[in-house]
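Working notes, structure below.
The values are calculated or read from the model by the stated rules, or taken from the named source; none is laboratory data. Note that the structure is a prediction, hence the values are computed from the model and not measured. Glycine also receives a Cβ, built like all others from the backbone with ideal geometry; neighbour counts cover every protein chain displayed.
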Amino acid sequence: MTEPQYKPGLIRTPHGRIRTPALIPVVAASYGIWDLWIDGDCIAPWDLSQATILSLYHILPYKRRERIFSEGIHKALGTKRPVWLDSGGFQYMRKGAELDPMDVLGYQKMARSDVAVTFDYPITPGLDEQNKLLRLERSISSANMMLEKKGDMMLYGAIHGSTPREIVDYIGCLDDGFDGFGIGSLVPRKSQYAYLSGIISAVRNRTDKPLHAFGITGFPAMYALSYLGIDTFDSWTYLVAASFKEYIHPEKLNRIKRLKELSSLPECGCPVCQEHGLKDFVGPDSASEMLLALHNLYVFMREMENVREAVSRNELEEYIMGKCECGNRNISIAFREAKRVIEEKK
Ligand SMILES: [Zn+2]
């Protein structure tokens, strides 16, 4: 029997505890339904989850930014639960822009976020060696600088590496005192399960601190990486799928497209589907997109809750094996790679 790398965990924040493994929904300002959630009386993503994560990339151009910085992010959202504030390093890289790490820290403090993440310079698979090393060095020095001035705010160090060895060496260059680590640069390789498993397993063996996997969104990787000991994930698949009018199948866990052409949806026990049906999801307005997003989020949350329970019973493998039958082929492909990495270590 393989010794599991996962165990139940608890992250303590100023706004309460997060039981892990946990999925933390991303809330972004670039979608029209954001305002509806903040202003409306409707249920919002932060009401359904243990915590929420936002990116500075979405807050800085947002019309409510001053309110967020003066009153704090909790008041702006209307939540008493933990809020994470990511630096947006990945999104800024995609735009070819950068922020000053110390400005980032200032924003994170002003927003009174529970958990902040250091500003980083992610690496991409095609990057030449010299540029890659430069970006890794800059991410390390940014993280160490921010750590020094973080005060009593919880701070996760963003970590990167193109190989297991490289990311383990990276952690060795960080100063002591981070509350956890956020593993970045995974998004371009999020479907390369063997690669992901190698990186995650190496980091898990290097540190006992809470680990967050940035941008890993699908069920196959969520199961496999929970098995490898990841504590938290962020996802906005629930929202992106809804914006494309896609409904996440509650049992098969795949996305049902072209809802307008359907006559009915599969049975779903979530509170949204108890009150609403297909016709409420296909409207052109933000309200129907919001309902669809909430259904999708319920499916994600239910699965993470099941994973947590299986972890606490030490039966995660059995749970994932059961899910391999659900119809999403990638679940067994991803899990096989996770198992292989652990077997190789023995
Ligand atoms: Zn539902």
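Conditions (1) at positive phi; (2) of a type in the set (Val, Ile, Thr); (3) modelled with pLDDT of 95 or more, marked per residue:
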residue	(1), (2), (3)
27	no, yes, no
36	no, no, no
40	no, no, no
44	no, no, no
51	no, no, yes
61	no, no, no
64	no, no, no
71	no, no, yes
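Within the bounds of the stretch 134-148, is there any residue that is surrounded by fewer than 17 Cβ atoms within 10 Å (Cβ to Cβ), of a type in the set (S, T, N, Q) and modelled with pLDDT of 95 or more?
Yes: the stretch 134-148 contains one or more residues that are surrounded by fewer than 17 Cβ atoms within 10 Å (Cβ to Cβ), of a type in the set (S, T, N, Q) and modelled with pLDDT of 95 or more.
Only residues that are of a type in the set (Ser, Thr, Tyr), crowded, with 18+ Cβ neighbours inside 10 Å and modelled with pLDDT under 95: list them for the stretch 163-192, please.
The initial filter retains those residues of the stretch 163-192 that are of a type in the set (Ser, Thr, Tyr), namely 163, 170, 185, 191.
Those left that are additionally crowded, with 18+ Cβ neighbours inside 10 Å: 170, 185.
Result: 185, single match.
Of everything in the stretch 260-287 that's among the charged types (D, E, K, R) and outside any helix (DSSP H, G or I), which residue is nearest to the ligand (Cβ to nearest atom)?
First, the residues of the stretch 260-287 that are among the charged types (D, E, K, R): 260-261, 267, 275, 279-280, 285.
Cutting the leftovers down to outside any helix (DSSP H, G or I) gives us 267, 285.
On the way: 267: 9, 285: 19 Å.
Among those that are among the charged types (D, E, K, R) and outside any helix (DSSP H, G or I), it is 267.
Quick check on the stretch 304-320. Is at least one of its residues within 16 Å of the ligand (Cβ to nearest atom), closer than 24 Å to residue 27 by Cβ and touching a residue at least 12 places away in the same chain (Cβ under 8 Å)? Lay out the reasoning, then the answer.
Going through the stretch 304-320, the residues within 16 Å of the ligand (Cβ to nearest atom) turn out to be 304-306.
Those left that are additionally closer than 24 Å to residue 27 by Cβ: 304-306.
After this cut, where a residue has to be touching a residue at least 12 places away in the same chain (Cβ under 8 Å) as well, the list is 304, 306.
Looking through the stretch 304-320, at least one residue is within 16 Å of the ligand (Cβ to nearest atom), closer than 24 Å to residue 27 by Cβ and touching a residue at least 12 places away in the same chain (Cβ under 8 Å).
State all residues of the stretch 281-323 that are among the hydrophobic types (A, V, I, L, M, F, W, C), surrounded by fewer than 19 Cβ atoms within 10 Å (Cβ to Cβ) and over 21 Å from residue 265 (Cβ atoms); if no residue qualifies, say none.
321
Just one of the numbered conditions (1) buried (at least 16 other Cβ atoms within 10 Å of the Cβ); (2) without any contact (Cβ under 8 Å) to a residue 12 or more places away in the chain is not true of residue 155; which one?
Here residue 155 meets the rest and fails (2).
Being among the charged types (D, E, K, R), surrounded by fewer than 22 Cβ atoms within 10 Å (Cβ to Cβ), away from the ligand (no atom under 13 Å from the Cβ) and over 16 Å from residue 288 (Cβ atoms) narrows it down to one residue among 245, 257, 252; which is it? Full working, then the answer.
Working: 245 fails: over 16 Å from residue 288 (Cβ atoms); 257 fails: over 16 Å from residue 288 (Cβ atoms).
From the options 245, 257, 252, the qualifying one is 252.
Please go through the stretch 324-339 and give me each residue that is part of a helix (DSSP H, G or I) and either surrounded by fewer than 14 Cβ atoms within 10 Å (Cβ to Cβ) or aromatic (Phe, Trp, Tyr) (or both), ordered by number.
Step one: list which residues in the stretch 324-339 are part of a helix (DSSP H, G or I), which gives 329-339.
329, 335, listed by residue number.
Kindly provide the set of residues from the stretch 179-195 that are under 20 Å from residue 89 (Cα atoms) and in contact (Cβ under 8 Å) with a residue 60 or more places away in the chain, ordered by number.
The initial filter retains those residues of the stretch 179-195 that are under 20 Å from residue 89 (Cα atoms), namely 179-190.
Scanning the stretch 179-195 gives 179, 180, 182, 184, 185, 187, 188, 189.
So that you can scan it fast, the table gives a plain yes or no per residue for (1) β-branched (Val, Ile, Thr); (2) over 27 Å from residue 224 (Cβ atoms):
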position	(1), (2)
18	yes, no
24	yes, no
41	no, yes
48	no, no
53	yes, no
58	no, yes
102	no, yes
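Against the definition (assigned to a loop (DSSP other than H, G, I, E, B), over 30 Å from residue 278 (Cα atoms), small (Gly, Ala, Ser) and out of contact with any strand residue (DSSP E or B) (no Cβ under 9 Å at 6 or more places or on another chain)), how does residue 177 come out, yes or no?
No.
Quickly run through the stretch 50-75 and pick out the residues that are farther than 23 Å from residue 187 by Cα, crowded, with 21+ Cβ neighbours inside 10 Å and in contact with a helix residue (DSSP H, G or I) (Cβ under 7 Å, 6 or more places away or on another chain).
Passing the criteria: only 68.
With respect to residue 211, is the statement that it is without any contact (Cβ under 8 Å) to a residue 60 or more places away in the chain and buried (at least 24 other Cβ atoms within 10 Å of the Cβ) true? Before the answer, list the steps.
Numbers: without any contact (Cβ under 8 Å) to a residue 60 or more places away in the chain: yes; buried (at least 24 other Cβ atoms within 10 Å of the Cβ): yes.
Here the answer is yes, as residue 211 does meet what is asked.
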